[in-house]
Amino acid sequence: MTEQKKKPSGASPFHHGERAVQKRLGVRDIEDWAQKVVRDFLPDQHRDFHTALPFLVAAARDEEGRPWATLLEGPDGFVTSPDLRHLVIEAKPSNGDALEHAFVAGADVGILGIELATRRRNRVNGRVSEDRTNSITFAVEQSFGNCPQYIREREWHRVGVAQPKAAKLGSSLTVSQREWIGSADTFFIATGYRGDGESPTFGMDASHRGGDRGFVQVVNENQLQFPDYAGNNHYNTIGNLVLDPRAGYLFIDFENSSLLQLTGTASIDWEPDDLTAFPGARRLITLDIEEVVELPSAVGLRWQVDADSVRSLRLIAKTSESEDVTSFVFEARDGGPLPAFEPGQHLPIELDIPGANEPARRTYSLSSAPKDDRYRITVKREPKGLVSRYIHDHVEPGSIIESRHPAGDFMMTCNICPLVLISAGVGITPMVSILRAVAAENSNRPVWFVHGARDGRHHPFAGEVRDLVADRPNIKSHVLYSRPQIEDTIGTHYDAKGRVTGKLIAELVSNVDAHYFLCGPTSFIAQIRTDLEEQGIPVEQIHYETFGSIG
């Protein structure tokens, strides 16, 4: 008989510490949503995820009740899931690990499955239901996914079976351990709470924390401090600390696969006087260290040392630029500064689209100025485009998306040379970014802005470009409509009927030192590029970016 999945019971998935923090911080309407995503079983997708991982992060308590975090790792398939409510883990902590003797029947355990290369993670909390010599059976009490914010992308590889060395024990941090922590961009935290009676909300929890290198500050040999940023509003970790301030930290040396375990007492500064060192942080959490365990070469895995970072963005404005083109303005979800970009570069984004098996990834050119403290991307709605239709139809102010650092080689490479910006259709997007950067220079270098559109209804940024060009004698624009409509007024909306050609560019521009930037459909780029080369323009002065219609 197939095991049935229980329907949500209506009971809160949070204990009273988590609910108290949510109330204190003004979180509303999370109960109904959380009841749908916090389950008492492992969905098939989560079972497949956990059983494919090379390691798990686990949180538990030692014989004295102190929380610690560790890694459990093994060969391919070392985790199996015989049914919806169990994981069998063919691994235990190594000798000397702070949790070496912790995984006994009945013990609370929090497990974090995390795939650093793809930034996926799922948390599952429960108890050890069976303890064997080299394995445990884990019984699920709560299972839920997490957002990928602050996870650093890291590829991994195996180097064989781990050959752990003797553990190093202490009650304070050594100089090398302080340097290790001070350069970390990732750590894991173990917290827990068990009240009277039985409740699936009780137990241990393993959580990830990430940021730029140095985001964890070593105050002294017995104290650490790290910033707490906006997350999923569950406040599992902080809710636990409100009721039981004990916590365990785990740092990984990704190059040498050594582990550094700490346990101690945490305190929360809800309203710090100075957060300038942590832009976007909401609170500061301090750990007073009681014991340290260092495990050299503890696991048989290696990861990239340098890792790409990911930022969560919140949509704050959505503006229609033309009949089928819309701009989306984002700020950092945590309120902190955004990575800088060069005019002309694009922003890689990820969207979780209902029904899709994995996040949809696209890159969209930035149309904002590099000096802006926000990102603006501009997207054409493709009739058959999965992502463009979704972002147009469903992404509204307040929505959260994930992004990587701006990237791309199509950017303004010269600071003084004359520029010719040539675009067609939505290819205008990076040109507006470049134009905004040039307009802010207050220089005298010549700039030509040449754009081709179908008509006024399909001409994004028409007013913005006119405003940028106005009163700047060094910047000239020329707009062509291939099929102007009755409501389009020549001289106001556009300069001539027709299409952008190399012949037109030659008539407009005579400066031999000019650099040409082209963006538009592939056929448009190919033709203009050929025309320019035939006119004797050196290839190193022609820069181009094509776009497709994958949507």
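Filter the trypsin sites (Lys or Arg not before Pro) in the stretch 293-372 down to the DSSP loop ones having no more than 10 other Cβ atoms within 10 Å, then list what survives. Could the numbers behind the result be given before it?
Working: sites: Arg302, Arg311, Arg314, Lys318, Arg333, Arg361, Arg362, Lys371; in loops: Arg333, Lys371.
Within the stretch 293-372, the qualifying trypsin sites (Lys or Arg not before Pro) (loop, at most 10 other Cβ atoms within 10 Å) are Lys371.
At 20 °C and 1.002 mPa s, what whole-number value in µm²/s does Stokes-Einstein give for the translational diffusion of the stretch 310-404, with Rh from the Kirkwood sum over Cα pairs?
Values: Rh = 13.5 Å.
For these conditions, the coefficient is 159 µm²/s.
In whole Å, largest first, what are the principal axis extents of the Cα atoms in the stretch 326-372?
Largest to smallest, the principal-axis extents are 37, 24, 19 Å.
Please give the FRET efficiency for Asp513 paired with Asp467, using the beta carbon to beta carbon distance and R0 = 22 Å, rounded to the nearest 0.05.
Details: r = 28 Å, r/R0 = 1.25.
Efficiency computed from Cβ-Cβ geometry: 0.20.
Taking N as the number of residues in the stretch 18-167, what is its Cα Rg relative to 2.2 N^0.38 Å?
1.10
Return a single number: how many Lys pairs in the stretch 377-533, at a sequence separation of 8 or more or on separate chains, have alpha-carbon atoms below 26 angstrom apart. Before the final figure, lay out each step's value.
Details: Lys380/Lys476; Lys380/Lys497; Lys476/Lys497; Lys476/Lys503.
Taking the stretch 377-533 as the scope, the lysine pair count is 4.
Based on the alpha carbons, how large is the Rg to Rh ratio for the chain when Rh follows Kirkwood?
Numbers: Rg = 27.8 Å, Rh = 26.2 Å.
Rg divided by Rh gives 1.06.
For the chain, what is the mean residue ellipticity at 222 nm derived from helices alone (per DSSP H run of n ≥ 4: -39500 (n - 2.57); sum divided by total residues; nearest 500 deg cm²/dmol)?
Values: 10 runs with 89 residues, N = 551.
-4500 deg cm²/dmol, from helical runs alone.
Could you tell me which GluC sites (Glu not before Pro) in the stretch 452-541 are loop residues by DSSP with no more than 15 other beta carbons within 10 angstrom of their beta carbon?
Details: sites: Glu464, Glu487, Glu507, Glu533, Glu534, Glu540; in loops: Glu487.
Answer by residue number: Glu487.
Would you kindly work out the equivalent ellipsoid of the stretch 122-279 from its C-alpha gyration tensor and give its semi-axes, the square roots of five times the eigenvalues, largest first in whole Å?
Ellipsoid half-lengths, sorted descending, are 25, 23, 17 Å.
Let me understand the stretch 419-546 better: what is its radius of gyration from the alpha carbons, and its Dmax, in angstrom?
Just the Cα atoms of the stretch 419-546 yield Rg and Dmax of 13.8, 41 Å.
Among the trypsin sites (Lys or Arg not before Pro) within the stretch 380-449, which fall in a DSSP loop and have no more than 12 other Cβ atoms within 10 Å of their own Cβ? Each step should come with its number before you reach the end.
Working: sites: Lys380, Arg381, Lys384, Arg389, Arg404, Arg436; in loops: Arg381, Lys384.
For trypsin sites (Lys or Arg not before Pro) across the stretch 380-449 that sit outside H, G, I, E and B with at most 12 neighbouring Cβ atoms in 10 Å, the list reads Lys384.
Could you grab the Rg to Rh ratio for the stretch 16-303? Cα atoms only, Kirkwood for Rh. The partial results should precede the final answer.
On the way: Rg = 17.7 Å, Rh = 19.0 Å.
The Rg/Rh ratio comes out at 0.93.
If amide hydrogens are placed 1.01 Å from N in the peptide plane, which non-local residues have theirs closer than 5 Å to the one on Glu141?
Asn125, Gly126, Arg127
In whole Hz, with x marking every Gly and Pro, tabulate ³J(HN,Hα) for the stretch 454-462 from phi via Karplus 6.51 cos²θ - 1.76 cosθ + 1.60, θ = phi - 60°.
Values per residue, Gly and Pro as x: 6, 6, x, 6, 10, 10, x, 6, 4 Hz.
Quote the FRET efficiency, to the nearest 0.05, computed for Ile416 versus Val161 with a Förster distance R0 of 56 Å and r equal to the Cβ-Cβ distance. Don't jump to the answer; show the numbers that get you there.
Values: r = 59 Å, r/R0 = 1.06.
The pair Ile416/Val161 has a calculated efficiency of 0.40.
Can you tell me the FRET efficiency between Gln223 and Gln45 if r is taken as the Cβ-Cβ distance and R0 is 41 Å, rounded to the nearest 0.05?
On the way: r = 40 Å, r/R0 = 0.98.
That pair, Gln223 with Gln45, gives E of 0.50.
State the Cα centre-to-centre distance between the stretch 353-407 and the stretch 98-156 in whole Å.
If we compute the Cα centre of each part, the gap is 32 Å.
Rounded to whole Å and ordered largest first, report the semi-axes of the equivalent ellipsoid of the stretch 159-204 derived from its Cα gyration tensor (root of 5λ).
Details: eigenvalues 203, 60, 36 Å².
Largest first, the stretch 159-204 gives 32, 17, 13 Å.
Return the distance in nm (one decimal) between the two label points of a simple spin-label model at Ala496 and Glu534, each offset 7 Å from Cα along Cα→Cβ.
A separation of 1.7 nm, rounded to one decimal place.
Using the Cα centre as the reference, give the magnitude of the dipole from point charges on the C-beta atoms of the chain (Lys, Arg: +1; Asp, Glu: -1; all else neutral), rounded to the nearest 20 debye.
Details: 59 positive and 76 negative charges, 239 e Å.
Value, rounded to 20: 1140 debye.
Highest mean first, how do 195-204, 113-122 rank when packing is the count of other Cβ atoms within 10 Å averaged over residues?
On the way: 195-204: 15.5, 113-122: 19.4.
The most tightly packed comes first, giving 113-122, 195-204.
Just the C-alpha atoms of the stretch 234-344: what Rg/Rh do they give, with Rh taken as the Kirkwood radius?
1.11
All of the numbers you see were taken from the coordinates with simple rules; none came from a lab. Values in this document were obtained by computation on a predicted structure and should not be read as measured data. For neighbour counting, all protein chains shown are included, and Cβ atoms are generated from backbone atoms with ideal geometry for every residue, glycine included.
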